[in-house]
Amino acid sequence: KEGGRVVVRGIAKLHVDNDEEFVRVLEEIDEAVEFFGEDGGGAEVFGRPGSGGSSSNNRRGGRERTASQQPFQATASGSAEYYRRACALQDAALELLRVGVADRISQTSSQIQDALKLPKVPIAADKLEASLVYTRFHGISRRSNALINIARKRVETLGSGSLAASSYEDFLTLCRNTYCGARETLLTTTIRSHMDILKERHGLVGMTRLASVFLIRLCTVETALYLDFFGDPDKRRQTTKKVKGATSDGDDEKEAEENEGGDDASAFKRLGSSSSHQPGTAIASQILSEDATYRDAEFQSMLGSLCSALHRTIRRGLVSVLDLDVLCQVVSVLREER
């Protein structure tokens with residue numbers, strides 16, 4: 001018993017490492033929640049899933065379905081009691097998902113902060129992508145994505161307006177908020193420090209151009225990482241096939257150009273012309289068009305918060321600028337890099 005209520009974790013925990021078996025158990029529990037909640041009238045006695053008062057100490061944003069919130073009366077039907085028990089089982093299963101995703105993200109973030117002494121000591125910008133900030137998160141992304149997609153598919157199967165689906169929607173929202181909060185904590189100090197360094201070395205106009213390129217790269221990498229956690233694996237497999245096809249076609253074209261152009265083509269490739277990046281840009285656009293998960297409001301808000309460091313640095317610099325030409329150059333750079 002926990003707080004006067006019985007929580008059965010044994011059934012869900014028995015199958016948590018087997019996705020297919022775990023999903024089967026969830027389906028049975030969800031059917032019970034739907035049946036005893038809607039047809040049996042349990043939702044009228046104990047409330048809809050997610051309607052109870054949430055607490056950071058309990059489920060970290062999840063639902064609290066306790067008998068103390070709505071005391072069970074002897075006159076209530078047996079269906080209401082079965083509904084309460086089904087909700088307890090669903091809570092237990094979602095607790096396992098929460099521990100496997102949200103708690104693991106928080107724990108990983110704390111470990112990275114301790115190891116790198118963040119946020120007190122910023123990371124060098126040229127070492128950021130190879131640091132623990134990315135490698136550790138890549139390490140937990142695959143399993144987290146599998147668990148998140150279990151909840152997403154349950155919502156799609158049940159329908160967003162169904163009784164049982166609200167529990168999974170709360171879980172997905174919790175995961176997105178936890179993830180975005182962790183990434184923002186890990187990156188904010190480093191980004192602000194890099195903006196200040198660029199301003200000291202290159203001036204306001206040079207900083208604006210270099211910082212814009214840096215932030216575009218950062219947002220691209222962060223979007224790819226976010227899709228590793230929350231993206232749809234089915235769409236990713238379809239995209240991978242298209243990317244392989246596009247890459248093979250591009251390699252054939254490059255080989256033909258090099259054979260035709262000889263030494264000039266090889267030298268052009270070594271110099272890293274901007275045209276050599278066009279296939280990669282096209283592939284990135286294709287990936288984003290396939291999976292719109294990156295448009296989640298929480299993630300877009302996080303990217304906006306990270307990029308606000310550029311606005312902060314430019315605004316501070318413009319306050320002391322008396323030359324109108326400098327202001328025009330800054331505006332021109334921002335328009336070009338938009």
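Coordinate-derived values only; no laboratory data. Keep in mind it's a predicted model, so treat the numbers as computed, not measured. We place every Cβ from the backbone using ideal geometry, glycine too, and count neighbours over all the protein chains shown.
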What is the local net charge at Lys199, summed over the other residues whose Cβ is closer than 15 Å to its Cβ (Lys, Arg +1; Asp, Glu -1)? +4
Part-to-part distance (alpha-carbon centres) for region 199-230 and region 132-149, which is given in Å: 22 Å
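If you stretched the chain out fully between His202 and Lys127, how much longer would it get, using 0.36 nm times the residue separation minus the C-alpha to C-alpha distance?
Values: separation 75, 0.36 × 75 = 27.00 nm, distance 2.00 nm.
Full extension from His202 to Lys127 adds 25.0 nm.
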Approximate spin-label separation Asp114-Asn177, in nm, with each point projected 7 Å along Cα-to-Cβ: 2.5 nm
Can you give the FRET efficiency to the nearest 0.05 for Thr189 and Arg217, using r as the Cβ-Cβ distance and R₀ = 25 Å? 0.90
Under the Karplus relation with 6.51, -1.76 and 1.60 and θ = phi - 60°, whole-Hz ³J(HN,Hα) for region 120-137, x at Gly and Pro, equal 5, 10, x, 8, 4, 4, 6, 10, 5, 5, 8, 7, 4, 4, 9, 5, 5, 6
Please compute the length gained on full extension between Asp234 and Val319, using 0.36 nm multiplied by the number of residues separating them and subtracting their Cα-Cα distance. 25.6 nm
Counting pairs of alpha carbon atoms under 8 Å apart in space and at least six apart in sequence, what relative contact order in percent does region 99-235 give? 36 percent
Nitroxide proxy distance, nm - points 7 Å out along Cα→Cβ at Glu21 and Leu334: 5.8 nm
Starting at the first residue of region 139-149, write each ³J(HN,Hα) from the Karplus equation 6.51 cos²θ - 1.76 cosθ + 1.60 with θ = phi - 60°, in whole Hz, x for Gly and Pro. x, 9, 5, 5, 5, 4, 4, 5, 6, 5, 6
